[in-house]
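After the structure tokens below, expect a handful of questions from me.
The values are calculated or read from the model by the stated rules, or taken from the named source; none is laboratory data. From a predicted model like this one, the values you see are computed outputs, not experimental measurements. FYI the Cβ positions are ideal-geometry reconstructions off the backbone, even for glycines, and counts take in every protein chain you see. All accessible areas refer to the heavy atoms of the entire protein, side chains included, with ligands and DNA or RNA removed. Shrake-Rupley method; radii C 1.70, N 1.55, O 1.52, S 1.80 Å.
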Amino acid sequence: MVAVKKVTLAVGGMHCASCQQIIEMGLNEVDGVIKANVNLATERATVEYDDDVIKLSGIIKVIENTGYTASEIEEGAGKDTQREEQEREYRHILYLFYFSLTLSIPLLILSLPMMGLEKFVPGFLMMFMDWPYHKLVLFLLATPVQFIAGYRFYRGSYYALRKLRGNMDLLIAIGTSAAYIYSVVATFVLKDGEVFYETAALLITFVLLGKLLEARAKGRTSDAIKKLMGLSPKTARVIRDGQEMEISIDDVVVGDKVIVRPGEKVPVDGKIIEGHTSIDESMLTGESVPVEKDVGSEVVGATINKNGFITFEATKVGANTTLAQIIKLVEEAQGSKAPIQRFADQVSAYFVPAVVVAAIATFAVWYFIFPQSNAFVFAMLAGTAVLVIACPCALGLATPTAIMVGTGKGAENGILIKSGEALENAYKLNTIVFDKTGTLTTGKPVVTDIVALQSPTRPAALEEINGFLKTAAGIEKGSEHPLAEAIVNKAQEQGLDIPQVTDFEAVPGHGVKGRIDGKEVLLGNRKLMSDVDVATGSFELDLERLENEGKTVMILVIDGKPAAMIAVADTLKDNSKEAVERLHAMDIEVAMITGDNKRTADAIARQASIDRVLAEVLPQDKAAEVAKLQKDGKTVAMVGDGINDAPALAQSDIGMALGSGTDIAVETGDIVLIKDDLRDVVTAIELSKATIWKIKMNMFWALFYNTLGIPVAAGVLYPFFHLMLRPEIAGAAMALSSVSVVSNSLLLRRFKPSLNK
């Protein structure tokens, strides 16, 4: 039996899509690795492997052998290791940038006369311009930049070439080395040749600046995770050995008795054993109204205790808490790849070699075919500009940054999207199938009508109606049927005293009978009435009307005479009809699937304005019904409770499982709707559309930028306008393109569901 394990690793040192592919290729070539996925934006690798063939240490060694760093990410809410890694990387780049900038500024100033810009040189520096060791000073300033600040590019190039692949590092290394080496030759061999030390140094400086801005922007794409991390309290107050003590949240164990005072956060998940309170669960559901909690109620870690003193027993701690599971789901989604990213990966695989060929061709054209004055220098600068302007960083960041922000935004709105693929595909949906019971409806039958069967000349008084309800509740109190529970609950809500019943008897499938206050009482359906010869003709029209509304009608008979009809129904949730209307406004067909009879199903469908009804469908047949819709060319989402609807959720193109808020690690479904609010189906589709639009904008910008930038850098405008793009300017433009893509993805944080607009 294969011992399959899955691990998430933090990967350091990636700069572009090619880096990501080099690591993926290295991992997937190793025996024992089943599947490896590397994400540039999150800087993480998710690896499934056979533990009998390769160990975790071996996987880390493989990544290190490709030239990158790797470390296992610890699970658990409150451990923001990604944030710490990003901060370390940011500080490292910042130091390199300052180092490079400090040397590049005087280098640029001292190079201005050679660029024909003497008027910009401060007067007190002019005395150094004709100094015989002028070029040597430039060499001494440029060399540390080239080999200290630029070391990361040489190192990355070496490991890329070992895998016979190219990456951004290779392009930068070739471009800067060309300018630097030529300048060294001009300094020590040619003596009177022009030097371009400032070109190489400024190019490295601008690339580092771009990486600095990119790192800061990428850090902001995971703001949702940081907010979730910050929700968890650091300590908990527990009772151990009869003593109350405050301990670290990491030390809480299942079974601990935890005390929470008014205004404090609930530290872990649990079940209340003492006290009553209201809990603000807005961090979980987005709902601002506190939820009443009593003994036996479940509480969720990181929610806020509003006004009561409670003691609860810890049931889930550490990585098993609801908050930790939410964070885990969001992190996995942010680290996953959307199908649209395959296009970027395919382009990137051939991009670097194509750019190198384009740079060589550019050099050859300007040196051999259209030579200018000082032909070698002109051709070298043009080729270098092509190399650096075409780095595929923006293309590699186009998809993952948008996916990160989109999934994070979903979590903020109570929608957990498990993968980039689910987020991408949701916008394609044209058919939504809702389960009825517990999804469209509350799942709890309630009394909807009490119709007194009195003389037409005498309308029933409220007191008489309540009397019938008391009698019905009394006869049903001994029954465990859901319909009986609905009647008893209705009587209790009205504050009625429920009478005692004697000689109680349940008639399976028909109803109940007994004696109350000496009177014989029957309560049941048509079948029971037929069995005891009670005629329904006088109220048949009202009976059929209620049944046609999808209600279950029970007839109350007292001493052989029909007294009242009590209708019970599983009612629509408050927001079901609005959700269906919003889906219709998006031109999406809505269907309902249920095991109920067709009449009841049709009645619910009419109330909710549903287009198609699939009634009398057994749970095991729901998946087949979804498959039929798919065969008709429909792109289908199934919305259900995630348990008895599991086969249909798995069969559908997108499975949307309703989460209870206390067991969020729902295995079925691609999207979890924490709030049980069906309007979130609409929000999920809207978020998918907004995210895909951002991805397409990013890809267009990245491809358009390179399509336009490479010819300009190659000098196509020079014959007409004498306009050439210097390599350092090309490097700044390249850095700007990556920052622009990430910044565009960050605009997705402004997304608001149409419900809130």
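Mind telling me which of the residues Thr431, Thr399 ends up being closer than 21 Å to Ala637 by Cβ and surrounded by 23 or more Cβ atoms within 10 Å (Cβ to Cβ)?
Going through Thr431, Thr399 in turn, just one is closer than 21 Å to Ala637 by Cβ and surrounded by 23 or more Cβ atoms within 10 Å (Cβ to Cβ): Thr431.
Give Ala637, Ala569 a once-over and let me know the one that is modelled with pLDDT of 90 or more and either open to solvent by 30 Å² or more (accessible area, probe 1.4 Å) or at negative phi (or both).
Ala637
With respect to Ile465, is the statement that it is open to solvent by 10 Å² or more (accessible area, probe 1.4 Å) and part of a helix (DSSP H, G or I) true?
The answer is yes for Ile465.
Being closer than 30 Å to Thr594 by Cβ and out of contact with any strand residue (DSSP E or B) (no Cβ under 8 Å at 6 or more places or on another chain): is that true of Gly478 here?
no
Which of the strands (runs of 3 or more DSSP E) contained wholly in the stretch 488-560 include at least 2 residues that are β-branched (Val, Ile, Thr)?
Qualifying strands (runs of 3 or more DSSP E): 502-507, 511-516, 552-558.
(1) at pLDDT 85 or above; (2) buried (at least 24 other Cβ atoms within 10 Å of the Cβ); (3) of a type outside the set (D, E, K, R): which one isn't true of Ile326, the others all being true?
Condition not satisfied by Ile326: (1).
Can you find a residue in the stretch 162-175 that is among the hydrophobic types (A, V, I, L, M, F, W, C), in a helix (DSSP H, G or I), modelled with pLDDT under 85 and surrounded by fewer than 17 Cβ atoms within 10 Å (Cβ to Cβ)?
There is no residue in the stretch 162-175 that is among the hydrophobic types (A, V, I, L, M, F, W, C), in a helix (DSSP H, G or I), modelled with pLDDT under 85 and surrounded by fewer than 17 Cβ atoms within 10 Å (Cβ to Cβ).
Further question: Please identify the pairs in which a residue from the stretch 398-422 that is closer than 24 Å to Glu214 by Cβ has its Cβ atom under 9 Å from the Cβ atom of a residue that is basic (Lys, Arg) and assigned to a loop (DSSP other than H, G, I, E, B), counting only partners at least 6 apart or on another chain.
Thr399/Lys337; Pro400/Lys337; Ile403/Lys337; Thr407/Lys418; Gly420/Lys337
Please identify the pairs in which a residue from the stretch 618-637 that is more than 14 Å from Met592 (Cα to Cα) has its Cβ atom under 6 Å from the Cβ atom of a residue that is in a helix (DSSP H, G or I) and modelled with pLDDT under 90, counting only partners at least 6 apart or on another chain.
Sorted first by the residue in the stretch 618-637, then by its partner, the pairs are Ala627/Gln651.
Sticking with this structure for a sec: Residues being surrounded by 14 or more Cβ atoms within 10 Å (Cβ to Cβ), among the small types (Gly, Ala, Ser) and under 15 Å from Asp559 (Cα atoms): count how many of those fall in the stretch 497-519.
Result for the stretch 497-519: 1.
Okay, moving on. Just wondering, is there one or more residues in the stretch 521-532 that are touching a strand residue (DSSP E or B) at 6+ places or on another chain (Cβ under 9 Å), in contact (Cβ under 8 Å) with a residue 40 or more places away in the chain, of a type outside the set (A, V, I, L, M) and surrounded by 15 or more Cβ atoms within 10 Å (Cβ to Cβ)?
The answer is no; no qualifying residue exists.
Within the stretch 90-104, count every residue that is open to solvent by 90 Å² or more (accessible area, probe 1.4 Å) and in contact with a Ser or Thr (Cβ under 9 Å, 6 or more places away or on another chain).
0
Taking Arg545 as the residue in question, decide whether it is surrounded by fewer than 16 Cβ atoms within 10 Å (Cβ to Cβ), free of Cβ contacts under 8 Å to residues at least 12 places away in the same chain, within 36 Å of the chain's Cα centre (by Cα) and farther than 18 Å from Val682 by Cα.
no
Among the numbered criteria (1) open to solvent by 70 Å² or more (accessible area, probe 1.4 Å); (2) under 55 Å from the mean Cα position of the chain (by Cα), which one does Ser538 miss?
(2)
Which residue is nearest to the chain's Cα centre (by Cα), if the candidates are limited to the stretch 189-211 and must be under 20 Å from Phe376 (Cβ atoms) and touching a residue at least 24 places away in the same chain (Cβ under 8 Å)?
Filtering first and then ranking leaves Leu203.
Given Gly275, Gly210, Gly296, Gly255, which one is over 26 Å from Val330 (Cβ atoms), at pLDDT below 85 and open to solvent by less than 50 Å² (accessible area, probe 1.4 Å)?
So the residue among Gly275, Gly210, Gly296, Gly255 that is over 26 Å from Val330 (Cβ atoms), at pLDDT below 85 and open to solvent by less than 50 Å² (accessible area, probe 1.4 Å) is Gly210.
With the condition being buried (at least 20 other Cβ atoms within 10 Å of the Cβ), I'd like the helices (runs of 4 or more DSSP H) fully within the stretch 678-751 carrying at least 3 qualifying residues.
Of the helices (runs of 4 or more DSSP H) lying wholly inside the stretch 678-751, those with at least 3 residues that are buried (at least 20 other Cβ atoms within 10 Å of the Cβ) span 679-714, 727-746.
Please go through (1) modelled with pLDDT under 85; (2) touching a Ser or Thr at 6+ places or on another chain (Cβ under 6 Å); (3) over 30 Å from Ala637 (Cα atoms) for Val386 and return the number of the only condition it doesn't satisfy.
(1)
Residues checked against (1) open to solvent by 10 Å² or more (accessible area, probe 1.4 Å); (2) modelled with pLDDT under 90:
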| site | (1), (2) |
| --- | --- |
| Tyr367 | yes, no |
| Leu381 | yes, yes |
| Met404 | no, yes |
| Glu424 | yes, yes |
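Which members of the stretch 589-618 meet the condition of being within 29 Å of the chain's Cα centre (by Cα) and surrounded by fewer than 20 Cβ atoms within 10 Å (Cβ to Cβ)?
Passing the criteria: only Glu589.
If you go through the stretch 532-544 one residue at a time, do you hit one that is at pLDDT 90 or above and either of a type in the set (Val, Ile, Thr) or over 27 Å from Arg606 (Cβ atoms) (or both)?
No: zero hits.
Check whether at least one residue in the stretch 653-673 is in contact with a Leu (Cβ under 9 Å, 6 or more places away or on another chain) and more than 30 Å from Lys316 (Cα to Cα), and report yes or no.
Yes, because at least one residue in the stretch 653-673 is in contact with a Leu (Cβ under 9 Å, 6 or more places away or on another chain) and more than 30 Å from Lys316 (Cα to Cα).
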